[in-house]
Amino acid sequence: MRQICAYVLGMAFAFCMSPCAGVAQDGDITIQTKTTSNDIQSWLDSGDPRLTAWAAYFSVRNSDPSGDATMVEILDRWVQASSQRDELSGAEQDAFVAILDALIQHNRSVSPETLAALAEKFPAQAAILAGRLSIDESLPLLQSWYGLRKNGKSPALARIAAMMLSKSPPPGFASSILRETREIVQVSVVDPGVGVGGGSGSCFGVGVGATPRPGWPPVYGYAIEENAQKPDESFLVEAGGDRITYWRTTDPVRPMSIRSLGDETRRHLLLEMLGGDRTALQWETFQQQSLEWTGPGDFVSDLRQIVDGETTKLRETVDEFVAQGLVAPDEAAKARPRLFVRVIDDRRNADLPLPDFEYSDLFTSVWIEPISGARR
C-alpha cells in the first residue's frame, strides 16, 4: 500500500493519505457518532488535525483514556520539531486545544519540557498541567516562568509560578520577593485642628474557545480566574489567601484573568511563606497618614518617627525570614523591601514651605511635594 506522509502541527501530526481507517475518511462525523477505542486510536494515528480533534473529543465524551499516551506523544513530537517551523495554523491550534482538554480531563501529566514549549500559545492549559507535577519535577519550569516577571511578557504565568513556588520556596526565592516588594506611605501635612488619621489598603493569549469549524467537534478551552465564587470551578493553587481556579468553556474568553505580581500580591506570598498568619507582617503595602503641623522642629521629629517605625517593621520582617531559614544570612542585607514615603503639604494657611528632611538609608526614599498654588 502506497503511503504519502507530510508533517503538520509542527511535524507532530503526520498527515497520511492512506485508505487505512475507513471511519477516518468519513467527513460526516458528529457528536452523535458511535465510537470505540479503536476509532479513537485510528483517528489519532491519521495525522489529520480534524480527526485528531474528534479523537480527543470522544476520548472525553466516552471517558476513554486509551489514546492518552498517543496524545502525549503528539505534543512531545511537536516540541522536538517546533524549531523547524513557524506558527501553527488555525486547524492545528484547534487540534492542540482538543488534545490538551482531553489530557486535563483525564488528569494526565505532561513533561515540563513540553509544557515550557506550550506555554506561549496555550498558557492556561500549561499552567493547569504544571499543577499536576510534583515540585521536584516542575521546579525548573516554575523558576523559568517566575523569571518572566522581569520582562512583563507573561505576568499571569509568573504570578501562578510564584504562588506554586511559595509552597516550598527554593533558595533565593523569598529574598527576591522581599527585595521587589514596596511599602508606600503617603503622609499629608495638615493645619492644626484638622485631625490626625490613618488608613491602609492593602491577563493574555489566544481565545480559549470558539464556535467549532464545520465538521469539527466542540473545542473546549480553559479560563483561569482569581478568587472567583463559581461552584463548578476547579482548584489550581492557593497562597497567602489568594485562590486561583479554572473552568472549562467553549466561549471565546481570555484564558487568564488574574493580577500580576505587584506589591500586594507579593505581600500575600510573604504571608504564605510565614505560615499564612495574617498578623505575621506588621506593615501594609500602602497606607495613608496625617501629620498635624505645629512647627518645623516638630515636623521633622514626627516625620522621622513615622519613617523609623516603618523601617523597623521591614527590618524585622527580614529577620524573621532569616530565622525561619527562608533567607540566607548573606542575602539579608539586600533582601529588605523598599520604603517610599511621599509627603504632601495639605496646609491651607502655610506661609513657609515644609523644611527639608534627610534620611540615610539605602532602602528608604522620602520626598516632599511643595504646596501648590491651588491649595493655598
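So here's what we get for this one:
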item	result
Unmet criterion (only one of (1) out of contact with any Cys (no Cβ under 8 Å at 6 or more places or on another chain); (2) over 30 Å from T311 (Cα atoms)) for G193	(2)
Cβ-Cβ under 7 Å pairs, at least 6 apart or on other chains, the range 32-46 side within 16 Å of V72 (Cα to Cα), far side open to solvent by 30 Å² or more (accessible area, probe 1.4 Å) and modelled with pLDDT of 95 or more	I40/S66; Q41/S66
Complete set of residues in the range 147-163 that are open to solvent by 20 Å² or more (accessible area, probe 1.4 Å) and assigned to a helix (DSSP H, G or I)	G147, L148, R149, K150, P155
Subset of the range 345-370 (residues that are modelled with pLDDT of 95 or more and outside any loop (DSSP other than H, G, I, E, B))	T364, S365, V366
Selection count, the range 266-321, where residues are part of a helix (DSSP H, G or I), of a type in the set (S, T, Y) and within 30 Å of D351 (Cβ to Cβ)	1
Residue satisfying all of: in the range 234-263; charged (D, E, K, R) and open to solvent by 30 Å² or more (accessible area, probe 1.4 Å); farthest from R179 (Cα to Cα) among these	D251
Candidate set: the range 101-142, residues that are open to solvent by less than 50 Å² (accessible area, probe 1.4 Å) and part of a loop (DSSP other than H, G, I, E, B); chosen: the one farthest from K153 (Cα to Cα)	H106
Near pairs, Cβ below 7 angstrom, 6+ apart or cross-chain, from the range 91-118 (over 17 Å from A223 (Cα atoms)) to any residue that is among the basic types (K, R) and assigned to a helix (DSSP H, G or I)	A91/R50
Which numbered condition R248 fails, given (1) within 12 Å of the chain's Cα centre (by Cα); (2) at pLDDT 90 or above; (3) not aliphatic (A, V, I, L, M)	(1)
Residue match in the range 300-318 (condition: farther than 26 Å from E264 by Cα, at pLDDT 95 or above and touching a strand residue (DSSP E or B) at 6+ places or on another chain (Cβ under 7 Å))	yes
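The values are calculated or read from the model by the stated rules, or taken from the named source; none is laboratory data. Keep in mind that this is a model prediction, so the values were computed, not measured. We place every Cβ from the backbone using ideal geometry, glycine too, and count neighbours over all the protein chains shown. With ligands, DNA and RNA removed, areas are computed over all heavy atoms of the protein, side chains included. Shrake-Rupley method; radii C 1.70, N 1.55, O 1.52, S 1.80 Å.
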